[in-house]
Amino acid sequence: MKIAVYPGSFDPITLGHLDIIERSAKMVDRLIVGVLVNQAKTPLFSMEDRVKMIQDLTKDYGNVEVRAFKGLLVDFAHECKATIIVRGLRAVTDFEYELQLAQTNKVIAPDVDTIFLTTNLKYSYLSSSTVKEIASYHGDITPFVPEEIVEKIKEQYKVDH
C-alpha cells in the first residue's frame, strides 16, 4: 500500500492546497494530510479547527485522512507508515527551500521520498498568508479559498457579513 503525507499549516486551507490534495490522492492508496502544530506561530485557526475544516472539505475522498502533528515531519511519516512526502511548488523560489528540506529529510529517513507537484497555474501566486492579508483588510477572498470556509475566515477578522 502506497501511503503519502501532505504536510502544512493550512491556516487557512486554500484552493491551491485542495488542488494538491486531490491530485496526490489519485497517486497513492492513502493520503494523510498532516496539519502542522507550529508553536512559533500564532495561527488564525486552532489546530482542531483546521483539521475539522480539511476533514469536511475532503470527506468525499475515500482515501484521505487528516491528522495533526508536531515535531519532525519524517517522524510523522514513519508514524503513519508513509514512504512518500508530497510538497507543492508554486514558483522557482519555493524549489530551493523545498529541495533543501527534502534532502535533509532523506538523510534522516532514507526510506522516505519527497515528490513535488507543481501547483496548478491558476493558484501559482496563492498562499495562506496572502489570503489572511486580504481578509484582514476586508477584501474578497472567495477566489482563493473553498466557499465553505469563507465565512469562517471573515469571522476571524470580525468582518460584517
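Taken together, the values in this text are just the output of simple stated rules run on the coordinates, not laboratory data. Just so it is clear, the model here is predicted, and its values are computed rather than measured. Here Cβ is always computed from backbone atoms with ideal geometry, including for glycine, and neighbour counts include all displayed protein chains.
Details
- Most fluctuating residue given options K41, K132, K70, as computed from a GNM of the chain linking Cα atoms under 10 Å: K41
- The chain: most fluctuating residue of K122, K81, K52 per GNM, C-alpha cutoff 10 Å: K122
- Label-zone membership for the stretch 48-78, site K106, 7 angstrom Cα→C-beta point, backbone N under 19 Å: 73-75, 77-78
- Simple rule: put +1 on each Lys or Arg Cβ and -1 on each Asp or Glu Cβ in the chain, find the dipole, and look at P110, F95, L44; the Cα lying farthest toward the positive end is P110.
- Length-normalised contact order for the stretch 8-109 - Cα pairs under 8 Å, 6+ apart - percent: 26 percent
- One chain, two ends: I115 and D75. Fully extended at 0.36 nm per residue, the span grows by 12.7 nm beyond their Cα-Cα distance.
- The shape of the chain can be summarised by an equivalent ellipsoid whose semi-axes, obtained from the alpha carbon gyration tensor, come to 26, 17, 15 Å from longest to shortest.
- Under 5 Å, built H, 5+ apart or other chain: amide partners of T83: I3
- Averaging Cα coordinates gives a centre for the stretch 1-41 and one for the stretch 80-151; these two points are 9 Å apart.
- Two-site FRET efficiency, Y157 against D29, from Cβ-Cβ distance with R₀ of 41 Å, rounded to 0.05: 0.55
- Taking the Cα centre of the chain as reference, the dipole from Cβ charges on Lys and Arg (+1) and Asp and Glu (-1) amounts to some 240 debye.
- Once the convex hull of all Cα atoms in the stretch 67-161 is built, its volume per residue stands at 126 Å³.
- Taking amide H as placed 1.01 Å from N in the peptide plane, T118 has its amide H under 5 Å from the amide H of L89, each at least 5 places away in sequence or on another chain.
- Residue with peak Gaussian network fluctuation, the chain [Cα springs, cutoff 10 Å], from L126, L101, L15: L101
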